[in-house]
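Here the structure is laid out as structure tokens; the discussion comes afterwards.
The values are calculated or read from the model by the stated rules, or taken from the named source; none is laboratory data. This structure is a prediction, so every number in the text was calculated from the model and none was measured. Cβ coordinates were reconstructed from backbone atoms using ideal geometry, including for glycine residues, and neighbour counts include every protein chain displayed. Side chains are part of the model used for accessible areas, which takes the heavy atoms of the whole protein and leaves out ligands, DNA and RNA. Shrake-Rupley method; radii C 1.70, N 1.55, O 1.52, S 1.80 Å.
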Amino acid sequence: MGARFSGPIKRSMMIAGHATSISLEPVFWEALQEAAAEDSLPVNALVARIDAERVQTPNPPNLGSAIRVWLFERSRTRQ
């Protein structure tokens, strides 16, 4: 199997003025970068938007899970 199936990669970024680390599998990092480019946003700005939506939900999931779900829902609505 290729790198797309390797384990999570941890990256640090600034979200709403706070440093945070996010662990995602390579396929999710690729999808997140593509989504940010399509929306003409830096990746950290898109992650901040996803995070803002996440914290508004009852019992919010961790940020990595929220990103995966957001990407999945986005791909589903585009089919």
Pairs under 6 Å by beta carbon, first residue within 14 Å of Phe72 (Cβ to Cβ) and touching a residue at least 40 places away in the same chain (Cβ under 8 Å) in the stretch 14-37, partner in a helix (DSSP H, G or I) and small (Gly, Ala, Ser), six or more apart or different chains?
Leu24/Gly64
Mind listing whichever residues of the stretch 14-36 are open to solvent by 30 Å² or more (accessible area, probe 1.4 Å), touching a helix residue (DSSP H, G or I) at 6+ places or on another chain (Cβ under 7 Å), of a type in the set (A, V, I, L, M, F, W, C) and over 13 Å from Arg68 (Cβ atoms)?
Met14, Ala16
Members of the stretch 64-79 that are within 14 Å of Val43 (Cα to Cα) and of a type in the set (A, V, I, L, M, F, W, C)
Ile67, Trp70, Leu71
Name the pairs: first residue in the stretch 47-71 and farther than 16 Å from Ala31 by Cα, second residue open to solvent by less than 30 Å² (accessible area, probe 1.4 Å) and assigned to a helix (DSSP H, G or I), Cβ to Cβ under 6 Å, at least 6 apart or on different chains?
Asp51/Leu63; Arg54/Ala66
